[in-house]
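One structure is given here, and the rest of the page talks about it.
The values are calculated or read from the model by the stated rules, or taken from the named source; none is laboratory data. Here the structure is a predicted model, which is why all the values come from computation and not from measurement. A quick note on method: Cβ atoms are made from the backbone with ideal geometry, for glycine too, and the neighbour counts reach across all protein chains shown. Each accessible area value is taken on the protein alone, full model and side chains, heavy atoms only, with ligands, DNA and RNA left out. Shrake-Rupley method; radii C 1.70, N 1.55, O 1.52, S 1.80 Å.
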Amino acid sequence: MEPPSGPPRGGQVPWQDLLLAVLLLTLWNPPTTAQVTVESVPPSATEGKDVRLQVHNLPADLVGLSWFRGESIAPNRQIVAYVVDIQAIIPGPAHSGRETVYPNGSLLFQNVTLNDTGYYTLQIVNRNVQVEQVTGQLRVFPELPKPNITSNNSDPVENVDSVLLTCEPQTQNTSYLWSVSSKSRPASTRLELSLDNRTLTIHGVTRDDTGPYVCATRNPVSDGRSDPFTLNVLYGPDAPTISPSDSYYHPGANLSLSCHAASNPPAQYSWLINGRPQPYTQELFIPNITANDSGSYTCLASNSGTRLNKTTVKTVTVSEPFAQPTLHASNTTLTEDDSVVLTCSINNTVVSIGWLFNGQSLTLMERMTLSQDNSTLTIRPVRKEDAGNYQCEVSNPGDSRKSDPVRLAVSYEGSTTGFPVGSTVGITVGVLVGLALVAALGCLLLRTRTGRASGWCDLRELCCPASTPRQIPASSNKSQDSLPGPTTAIPVYQELRHPDTNIYCQINHKAEMAS
């Protein structure tokens with residue numbers, strides 16, 4: 001575009017020309033230039049690797065450029081210069097021999113070191129002799145070695161010592177993480193981390209703090225993980241346990257006792273029998289024991305690391321086997337509202353006496369009372385549900401014996417056979433009626449065998465046979481001769497002539513009076 005022409009003579013400019021000039025100045029804008037930027041590739045560099053400061057949007061009319069260490073331009077900080085027209089590379093005072101500049105302005109660092117970390121300034125000059133500066137950053141991190149854990153106390157004592165665990169080595173710009181037993185560090189008032197997380201403090205260490213512990217390190221270019229670390233916490237001994245739990249033995253048996261206590265390092269064991277020291281051993285064995293071996297057996301557990309001792313005492317009793325107890329009842333045939341006393345007799349000193357009812361443990365009712373030593377059971381008053389088998393059992397932790405059962409029979413009040421009075425009367429009446437029917441049947445058979453026509457015989461004929469004299473009522477027209485003679489062989493009739501035929505006579509007599 002040609003520049004506008006000069007003003008007309010006389011110094012006056014037509015207003016149309018001024019308007020056109022303003023319009024042209026308003027519409028004409030020079031093209032904008034993209035801003036030059038510098039980028040680190042990669043953004044985080046690993047020590048010993050290569051990294052490049054990449055330049056973007058470099059102007060096309062470039063004449064030359066220079067790289068400087070730091071955020072300012074100073075001759076002694078110049079790394080390298082590049083002249084475009086002659087493609088000349090001129091190293092500066094800060095050049096280390098590892099830097100290479102490219103025609104596009106990018107700067108390559110080979111075998112980068114931690115000291116290369118920092119800011120770098122690019123200065124560019126165009127053909128209009130315009131100078132522009134832009135700054136980029138280089139971040140270099142070491143490749144982390146495998147970490148390891150150290151402890152300030154190799155053998156801490158439980159509830160006495162505190163422990164400091166440190167993740168080694170210490171490196172700059174590194175994050176430290178901890179895990180315990182494959183879990184992230186648990187929240188606990190006894191665990192404390194340093195400000196940089198590199199040190200873990202365990203206050204008042206316990207046996208549950210053994211670990212394992214793992215520390216991890218991390219930076220933008222690498223990470224690492226330590227081997228598991230386990231604390232050797234000294235603890236114990238706890239109160240020892242003596243096994244087996246049996247305390248009662250019979251003469252002639254073998255006594256074998258074992259002692260164990262939780263302890264680190266493992267405890268040392270010794271025994272005392274009735275206060276007398278025995279050889280150092282965890283297992284105590286006495287064959288063919290007698291009553292003289294009864295007494296107290298003490299196990300002593302010692303820890304050389306914590307210098308603590310603990311003891312446990314077990315009482316052993318050697319006694320003859322129990323004799324079977326004897327159970328006696330004051331009465332075994334009872335009526336309701338009676339009372340009964342059951343007494344368990346023993347010849348041994350026992351720990352306890354128990355009672356069984358029908359083979360099961362007796363449940364005491366309000367009507368039942370036991371003596372102070374449980375040897376006597378009193379039931380007052382007796383009820384029908386108390387009928388059954390009773391036993392007493394004597395026992396201690398090592399032996400037990402049961403008595404033979406004693407059976408109690410309980411009947412209703414006012415009966416002699418265990419049935420109510422009404423039931424007894426009914427049964428009696430039923431028996432008498434049955435006998436009367438048998439007598440009538442016998443009479444019928446008798447008349448049939450003797451040729452008599454028909455009809456029912458008088459029961460008095462059965463009650464008073466011919467061989468037995470009796471008085472005949474005056475109104476009767478029957479003679480004594482009509483009865484069969486004593487020599488007549490009638491088997492059924494002979495069977496009916498029972499010594500208790502008075503019963504039939506009484507029944508017949510009542511029948512006559514009723515008529």
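Considering each of THR349, THR369 in turn, give the residue that is surrounded by fewer than 12 Cβ atoms within 10 Å (Cβ to Cβ) and either more than 30 Å from LEU255 (Cβ to Cβ) or modelled with pLDDT under 95 (or both).
THR349
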Q: Restrict the check to segment 170-184 and report whether at least one residue is free of Cβ contacts under 8 Å to residues at least 60 places away in the same chain, within 19 Å of LYS146 (Cβ to Cβ), among the β-branched types (Val, Ile, Thr) and in a strand (DSSP E or B).
A: no
**Q.** Residues satisfying the stated conditions in segment 220-235, i.e. closer than 30 Å to ASN153 by Cβ, in contact with a Lys or Arg (Cβ under 9 Å, 6 or more places away or on another chain) and not in a strand (DSSP E or B)
**A.** SER226, ASP227, VAL233
Q: Please indicate, with yes or no, whether at least one residue in segment 113-132 is modelled with pLDDT of 95 or more, loosely packed, with under 14 Cβ neighbours inside 10 Å and in a loop (DSSP other than H, G, I, E, B).
A: no
Q. Does CYS463 meet the test of being modelled with pLDDT under 50 and either touching a His at 6+ places or on another chain (Cβ under 8 Å) or surrounded by 11 or more Cβ atoms within 10 Å (Cβ to Cβ) (or both)?
A. yes
Q: Select from segment 92-103 the residues that are of a type outside the set (Ser, Thr, Tyr), over 17 Å from ARG127 (Cβ atoms) and surrounded by 12 or more Cβ atoms within 10 Å (Cβ to Cβ) and list them in ascending order.
A: GLY92, ALA94, HIS95, ARG98, GLU99, VAL101
Q: Might you check whether a residue that is at pLDDT below 95 and more than 41 Å from the chain's Cα centre (by Cα) occurs anywhere in segment 296-313?
A: no
Q) What are the residue pairs meeting all of these: first residue in segment 236-257, first residue in contact (Cβ under 8 Å) with a residue 12 or more places away in the chain and outside any loop (DSSP other than H, G, I, E, B), second residue of a type in the set (Phe, Trp, Tyr) and surrounded by fewer than 16 Cβ atoms within 10 Å (Cβ to Cβ), Cβ atoms under 6 Å, and 6 or more apart or on different chains? A) SER256/PHE285
Q) If you go through segment 325-369, how many residues are among the hydroxyl-bearing types (Ser, Thr, Tyr), under 17 Å from GLU385 (Cβ atoms), in contact (Cβ under 8 Å) with a residue 24 or more places away in the chain and assigned to a strand (DSSP E or B)? A) 2
Q) For segment 263-309, what are the residues that are open to solvent by 60 Å² or more (accessible area, probe 1.4 Å) and among the aromatic types (Phe, Trp, Tyr)? A) TYR280, PHE285
(Q) Looking at LEU177, LEU231 in this structure, which one is of a type in the set (A, V, I, L, M), under 34 Å from the mean Cα position of the chain (by Cα) and open to solvent by 50 Å² or more (accessible area, probe 1.4 Å)? (A) LEU177
Q) When you go through (1) of a type outside the set (A, V, I, L, M); (2) open to solvent by less than 80 Å² (accessible area, probe 1.4 Å); (3) at pLDDT below 85 one by one for GLY48, which number turns out not to apply? A) (3)
(Q) When the residues of segment 323-338 are narrowed to those that are touching a Ser or Thr at 6+ places or on another chain (Cβ under 6 Å) and open to solvent by 70 Å² or more (accessible area, probe 1.4 Å), which ends up farthest from ARG367 (Cα to Cα)? (A) THR326
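A quick yes/no check of all residues on (1) closer than 30 Å to SER44 by Cα; (2) modelled with pLDDT of 95 or more; (3) open to solvent by 20 Å² or more (accessible area, probe 1.4 Å):
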{"position": "SER194", "(1), (2), (3)": "yes, no, yes"}
{"position": "THR199", "(1), (2), (3)": "yes, yes, yes"}
{"position": "GLY204", "(1), (2), (3)": "no, no, yes"}
{"position": "ASP238", "(1), (2), (3)": "no, yes, yes"}
{"position": "SER245", "(1), (2), (3)": "no, no, yes"}
{"position": "ALA261", "(1), (2), (3)": "no, yes, no"}
Q: May I ask you to list the residues in segment 57-91 that are in a strand (DSSP E or B) and open to solvent by 20 Å² or more (accessible area, probe 1.4 Å)?
A: VAL63, ARG69, GLN78, VAL83, ALA88, ILE89, ILE90, PRO91
